[in-house]
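Colleague: Sending over a structure as structure tokens; questions will come in a sec.
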Amino acid sequence: MILEHALLTVRPGEQAGFEADFARARPLIAATPGFRGLRLSRCLERDTGYLLLVEWDRLEDHIEGFRGGDAYQEWKALLHPYYDPFPVVEHFTTVLTADPVPEDTP
């Protein structure tokens, strides 16, 4: 699994429009083969900041499948005007994970 990470900065005052347009754009990415899921979170310290995490089966599913397809042009038209500056998108693979320790463990 590949985790796509993008820190998004939305133009001040445009957060509500961005969130509404992101909801409209979500089906475009969700229909892409290899898409596993996404999470969009708003920053608590900066009201113009968002974190987008997207899970893909393979890097190619994002780069070639989504970005190389027609749906990306619609995604871009809906969302890219909100960003200032344009986000850096990076991809990660898991190295280590941890689960909570049960309370009854000595």
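Colleague: Which one is nearest to Gly17 (Cα to Cα) among residues in the range 73-106 that are under 13 Å from the mean Cα position of the chain (by Cα) and either in a loop (DSSP other than H, G, I, E, B) or hydroxyl-bearing (Ser, Thr, Tyr) (or both)?
Modeller: Taking the candidates together, the pick is Pro87.
To keep it simple, each residue is scored yes or no on (1) modelled with pLDDT under 95; (2) over 16 Å from Glu4 (Cβ atoms).
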position	(1), (2)
Leu53	no, no
Leu59	no, no
His62	no, no
Pro81	no, yes
Asp84	no, yes
Thr97	no, yes
Val101	yes, yes
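Colleague: Does Thr9 satisfy the criteria of being polar (S, T, N, Q), in contact with a Lys or Arg (Cβ under 9 Å, 6 or more places away or on another chain) and either modelled with pLDDT under 95 or at negative phi (or both)?
Modeller: Details: polar (S, T, N, Q): yes; in contact with a Lys or Arg (Cβ under 9 Å, 6 or more places away or on another chain): yes; either modelled with pLDDT under 95 or at negative phi (or both): yes.
Yes.
The values are calculated or read from the model by the stated rules, or taken from the named source; none is laboratory data. What you see is a predicted model, and the numbers here were worked out from it, not measured in a lab. Cβ sites come from the backbone with ideal geometry, for glycine too, and all protein chains shown count toward neighbours.
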